[in-house]
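Accompanying notes for the structure given below.
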Ligand code: RBF
């Protein structure tokens, strides 16, 4: 199966983000990947009308800390949606499994606890090249995809 281009989407199918407020939490592990994800997400939010002052950017040490960083944003700010961005690369130990499990379950729980979209923008790859390919490389940028998902989920919420 061909890998999806994470930056490819129909521009006109995305609602305006002009009145939406976003939080971004970015893990500092593998920063050459995660900072590129953040750049893509911010550019995409702005391309769809989000205002600079309505995007709050915070950093956490590693991906395992993303759920709590996201919860801080939900508790202490008035953001409508939180995008978490990280990159977990398979190593020699089972750390990969524990981190991926912790962050994915943690983010899922936040969605249901706050009734707000918390978007899982975490790359889980076998090696660094696969991650770079998805952080502005040949498979696009997962940060773009995460931003579009946040906007669409907020529009869905507003439709009720
Ligand atoms: N954090 C990541 O965001 N990506 C990783 O690939 C990653 N690999 C790790 C591997 C090991 C062996 C350890 C100890 C930590 C790793 N972390 C990684 C950091 C983790 O998310 C968390 O910040 C720390 O475990 C907290 O002490």
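Any read-out appearing in this document is the output of simple, stated calculations on the displayed coordinates, not a laboratory observation. Here the structure is a predicted model, which means the values were calculated and not measured.
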Using alpha-carbon coordinates, inclination of helix 142-158 to the longest axis of the chain, degrees: 40 degrees
Fluctuation leader among 66, 110, 24 - the chain, Gaussian network, Cα springs under 10 angstrom: 110
Inter-part distance where segment 133-155 and segment 70-88 are each reduced to a Cα centre, Å: 16 Å
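Normalized C-alpha radius of gyration of segment 3-160, against 2.2 N^0.38 Å?
Normalised Cα radius of gyration, segment 3-160: 0.97.
Rounded to the nearest 500, what is the chain's calculated 222 nm mean residue ellipticity when only DSSP H runs of at least 4 contribute -39500 (n - 2.57) each, over all residues?
About -14500 deg cm²/dmol.
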Degrees between helix 31-47 axis and first principal axis of the chain (Cα, 0 to 90, nearest 10): 20 degrees
Top of 127, 12, 141 by mean-square fluctuation, Gaussian network on the chain, Cα under 10 Å: 12
Segment 42-158: antiparallel DSSP beta bridges as a percent of all, rounded to 5: 20 percent
Folded to 0 to 90 degrees: helix 66-76 orientation relative to the chain principal axis, Cα: 20 degrees
Fluctuation leader among 62, 121, 86 - the chain, Gaussian network, Cα springs under 10 angstrom: 62
